Amino acid sequence: MIDISTNRFSGRPRDDSIDLSILDAAAQIIIDQGYGAATVAAIVASAGTSKPAFYRRFTSVADLVPALVDRRHPLDTPEPTGTLAGDLRAFQAQQAAIFNDPFVRAAMPAWLAHMHDGPDEAADAFVKGFLPQRMAVLTEILDRAAARGEIVLDDVEADALMESFVGTFLMRSLIPGSSLLDDVDIDRSVTLARLLIDQAQPGQTG
């Protein structure tokens, strides 16, 4: 997604501690006061830095959100469990942790509205970073299952599985006052995914 270690401009080396201070300050403001309170002025005041320092690193407050998701939830391919169901569950447990994060729950509704109204670098990072990175992990899980002979991979639509996985959890995070995702939700999402996979197997009519 957004690489906060890479300077957008030539010149003196960038102080990465400022990046992290900005990110941490933004996250805390969003959690405590809501996305609307996270203005550039408020963020730099809390981080102890300046607006020029902010804009050397980020284009807007919306630009911070995918970078913060990366910082708080680094992408990690789950260890193989030996079964497709187990691997899918481990994958979904990671997604549940993201969508249960108080920062994500506070930021996501307004941030998605921002993306819809005016796509920019932040939207590009989500579409080309967050989703494809997780799609790669899901594809690896399906490839392992095919190698074990659990499934025939040719007709499995990984895109549909990802939409099912992320869409359900994302919708939950957008509903004010909704309960946190738990093991029941994770298991239910895996059951639905297995249904989609099984329907795509040879000899199945749908």
Item to check | Of the criteria (1) surrounded by 17 or more Cβ atoms within 10 Å (Cβ to Cβ); (2) modelled with pLDDT under 95; (3) assigned to a helix (DSSP H, G or I); (4) not hydroxyl-bearing (S, T, Y), which one G36 fails | outcome: (1)
Checklist entry - Would you say R57 is basic (K, R), surrounded by fewer than 21 Cβ atoms within 10 Å (Cβ to Cβ) and touching a residue at least 40 places away in the same chain (Cβ under 8 Å)? => result no
Item to check | Failed item in (1) in contact with a Pro (Cβ under 8 Å, 6 or more places away or on another chain); (2) modelled with pLDDT under 80, with H116 passing the rest | outcome: (1)
Checklist entry - Does L68 satisfy the criteria of being outside the structural domain of L174 (by TED's automatic domain parsing) and either modelled with pLDDT under 95 or aliphatic (A, V, I, L, M) (or both)? => result yes
Checklist entry - S60 passes all but one of (1) in a helix (DSSP H, G or I); (2) polar (S, T, N, Q); (3) under 21 Å from P109 (Cβ atoms); which number fails? => result (1)
Next on the checklist: Quick check on my filter: what residues within the range 149-163 are more than 21 Å from L131 (Cα to Cα) and touching a helix residue (DSSP H, G or I) at 6+ places or on another chain (Cβ under 8 Å)?
Outcome noted: E150, I151, V152
Checklist outcome for this item: Reported set for the range 165-184 where residues are among the aliphatic types (A, V, I, L, M), assigned to a helix (DSSP H, G or I) and without any contact (Cβ under 8 Å) to a residue 12 or more places away in the chain is M171, V184
Next on the checklist: Where the second residue is among the aliphatic types (A, V, I, L, M) and modelled with pLDDT of 85 or more and the first is closer than 15 Å to V166 by Cα and buried (at least 18 other Cβ atoms within 10 Å of the Cβ) and lies in the range 185-206, which pairs have Cβ atoms under 7 Å and are six or more apart or on separate chains?
Outcome noted: D185/A96; I186/A93; I186/A96; V190/A85; V190/L88; A193/L88; A193/L161
Item to check | Unique match (being within 30 Å of P202 (Cβ to Cβ) and basic (K, R)) among R148, R72 | outcome: R148
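The values are calculated or read from the model by the stated rules, or taken from the named source; none is laboratory data. Keep in mind it's a predicted model, so treat the numbers as computed, not measured. Methodologically, a virtual Cβ is constructed for each residue, glycine included, from the backbone with ideal geometry; neighbour enumeration extends over all protein chains shown.
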